[in-house]
Amino acid sequence: MHVSVIPLTLAALVASSALAAPPTFPWERHEQKLDSGLRVVVVPTDHKGFFAMYTLVGTGSRDEVEPGRSGFAHFFEHMMFRGTKKYPAEARTALLASLGVDESGYTTDDFTGYSMSGPKDALPRLFELEADRYANLEYSEADFKTESRAVLGEYNKNFANPDEKAFESLTDLAFDTHTYKHTTMGFLKDIEAMPTAYAYSRSFFERFYTPDNVMIIIAGDVDVAATHAAVKAAFSSWKGKRAKTAVKDEGPLKTARTRTEAWANPTQTRLHIGWRVPSSVKEPKQAALGLVMKAYLFADSADLVKGLVIGDPSTDRGEPLAERVQCFWDPHRDASLFPVAVRIKDGKSAADVLDRVQGHVDNVAAGKINDRRFADVKSNLRYSLLMDLTSADRVAGALAWLSGPAMDAGYVDDIYASLADVTPADLQAFATSWFGANQRAVVTLSHAPRSTP
């Protein structure tokens, strides 16, 4: 779905809200699809003098279906900065610095994103640079081994955090066959074996870094026609067809799953809970309901979170039990995990916290929904998106994040159109169908000193 909307200032959007619902995304999107399948979305905004370009590759950790080969989507987030014969890494870095351009990248379960931002005069110089690295990425086996060791170092650093380790355990527990079973980093044993997989890495790149699997989003002080023409000229020789990935959704759990994890160093207990929820892409209404559930129950303003962290003296559960409550769910291409993480206060019971969380979820399933809060959550979801679009990078970044799971720049409209229509009864049905106590996976991580000989 592609919809063009009239650009408005944020102040005008807020001022007009009493008269009519504002557009979901307040700038016009101009999309062009090249013969190769490459999609280019140009979003002219009023951020004078600046641009942001996000390139999305429709491959994430979900595509890592071969046993022993997890972690390669994230690996290529690293390798894409290695350069080409025409623009080696050092020359490329120096050129971007001379142009005043910042760049970065990130990997998700469903897609990989690369970003550039800077003064608009730099943009024309970047199209050839980018076209060259996507078509002609160059790295030796020695470079590959060096970067694979860097990835292992990143894994060790990240998973020195007990929450990261608990989440890794939760995804492994919650899924049986789907590739969401591993995090975007991959299984540790696969990362350790990466240095021997140079040939496989070249195959992975050829199969998934193809023009029909890429979407470029360019926002800011840009001319639409000139930008489309420049991208077409730079990328016209890039060829290739994306490999198909066979991944089947997993439905809700039929019985609860639990696991305990021991942490050798002193730390507070972590409780990670997850329920499997439907694909957000196959049915955008599920994305809207997931966003509402996340905010309604697990935002800082929610009764559940305030009661756990601050306490509620008006009830017999007045004493705070937790230091932090977070929900990490985002829309996904396939049926995904709805994860909640709680850092528990010293001396408090993980079982009590679990009961409290499930009790609030069960209240939603029973139809005990505060209509005012429900309406406020929907309004906040819409306006927080609008109010965050304060720069060219924020515009392109938000559109990229919301486009990535579906690889569709119109997906944001589908989600927020569904958001406008969902009712408390829909949220009740969502909780009833997917959030039962027998449908959850639970990991409890706590300090357990290593035994001494």
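Quick look at the numbers
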| read-out | value |
| --- | --- |
| The chain - Kirkwood radius from inverse mean 1/r over Cα pairs (Å) | 23.6 Å |
| Label-point separation in nm, Ser203 to Asn136, each point 7 Å along Cα→Cβ | 2.7 nm |
| Extended-chain gain in nm, criterion 0.36 nm per residue less alpha-carbon gap, Leu95 and Gln326 | 79.1 nm |
| Charge tally in the Cβ shell below 10 Å around Asp249, where Lys, Arg are +1 and Asp, Glu are -1, Asp249 excluded | +2 |
| Fraction of beta bridges assigned by DSSP in segment 25-235 that are antiparallel (%, nearest 5) | 80 percent |
| Violating pairs (Cα-Cα greater than 24 angstrom) within the set Lys282/Lys378; Lys181/Lys282; Lys48/Lys86; Lys244/Lys282; Lys86/Lys239 | Lys48/Lys86 |
| Size of electric dipole in the chain: Cβ of Lys, Arg +1 and of Asp, Glu -1, about Cα centre, debye, nearest 20 | 540 debye |
| Angle between the chain longest axis and helix 392-403 axis [Cα atoms, degrees, rounded to 10] | 70 degrees |
| Leading residue at positive end of dipole, the chain (Cβ point charges), from Ser279, Ala97, Thr24 | Ser279 |
| Segment 257-447 shape via C-alpha gyration tensor axes, a/c threshold 1.5 | prolate |
| Extended-chain gain in nm, criterion 0.36 nm per residue less alpha-carbon gap, Lys157 and Lys306 | 50.5 nm |
| Positive minus negative residues near Asp121 (Lys, Arg vs Asp, Glu; Cβ under 14 Å) | +1 |
| Relative pair counts by distance (%), Cα atoms of segment 25-235, 5 Å bins | 1, 7, 14, 18, 18, 15, 12, 9, 6, 1, 0 |
| Inter-label distance for Lys241 and Arg372, nm, one decimal - labels placed 7 Å from Cα along Cα-to-Cβ | 5.9 nm |
| Check: segment 154-258 dipole with +1 on Lys, Arg Cβ and -1 on Asp, Glu Cβ, in debye | 480 debye |
| Hydrodynamic radius by Kirkwood, which averages 1/r over all alpha carbon pairs of segment 244-311, in angstrom | 15.5 Å |
| Distance in nm between pseudo-label sites at Asp249 and Tyr383 (7 Å out along the Cβ direction from Cα) | 3.4 nm |
| Charged-residue dipole, Cβ positions (Lys, Arg, Asp, Glu), segment 257-447 about Cα centre, Debye nearest 20 | 360 debye |
| Projected area averaged over orientations for segment 343-453, convex hull of C-alpha atoms, nm² | 12.0 nm² |
| Highest-first arrangement of 286-296, 224-234, 366-376, where packing means the average Cβ count within 10 Å | 286-296, 224-234, 366-376 |
| Expected 222 nm ellipticity per residue - DSSP helices of 4 or more, -39500 (n - 2.57), all of the chain, to 500 | -13000 deg cm²/dmol |
| Positive-end residue, the chain charge dipole about Cα centroid, Cβ charges, pick of Val65, Ala375, Phe127 | Val65 |
| Whole-angstrom gap from segment 140-202 to segment 71-100, using each part's C-alpha centre | 21 Å |
| Share, in percent, of DSSP beta bridges within the chain that are antiparallel, nearest 5 | 80 percent |
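Throughout, read-outs are computed from the coordinates displayed, never taken from laboratory work. Since the structure is predicted, the reported quantities are computational estimates derived from the model, not experimental observations. Positions of Cβ are generated from backbone atoms using ideal geometry, with glycine treated the same way; all protein chains shown enter the neighbour counts.
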